[in-house]
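First comes the structure, then the notes that go with it.
Read the figures in this text as sums done on the coordinates, not as results from a lab. All figures in this text were calculated on a predicted structure; none of them were measured in a lab. FYI the Cβ positions are ideal-geometry reconstructions off the backbone, even for glycines, and counts take in every protein chain you see.
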Amino acid sequence: VLAAPYEMVKSGKEAWDRLNAIAKSAEAEGKTVLDRVAMVLTDLEMPEMDGFTLTRNIKQDARFHGLPVVIHSSLSGSANEDHVRSVGADGYVAKFVAEDLAETIRRVLPK
């Protein structure tokens, strides 16, 4: 069982906006995003901004350096997995495989 606090949002854009607000708040307090967020778990198929774009944005923004991103999606196939790697995701887990998801989260979360 993974017992960790989390926030859920409904779109990639909402996740990106929330991460930006967290970064701004952390900076104002002399902290980093990693003091507030342990990881991002995202789907690929979301309204307004897909998981590929969200992951790329996170990985290209210095404020989020070191923030693990795990993609959990029903989309499969080597093309999607290659794209997941190309945007810098730290993990990819096919949906509906709960133990694989839990193990990936354990692997990427800071110790």
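Here the scattering of the chain is modelled by Debye summation over its C-alpha atoms, one equal scatterer each and no solvent; at q = 0.16, 0.18, 0.19 Å⁻¹ the log10 of I(q)/I(0) is -0.71, -0.91, -1.01.
What length, rounded to one decimal in nm, is gained on full extension from Tyr6 through to Asp43, with 0.36 nm per residue of separation minus their alpha-carbon distance? Let's see the in-between values first.
Details: separation 37, 0.36 × 37 = 13.32 nm, distance 1.50 nm.
Stretched out fully, the Tyr6 to Asp43 stretch lengthens by 11.8 nm.
If R0 equals 30 Å, the separation of the Cβ atoms of Asn80 and Glu29 corresponds to a calculated FRET efficiency of about 0.20. With helices as the sole contributors, the chain gives -13000 deg cm²/dmol at 222 nm; each DSSP H run of n ≥ 4 counts as -39500 (n - 2.57), and the sum is divided by every residue.
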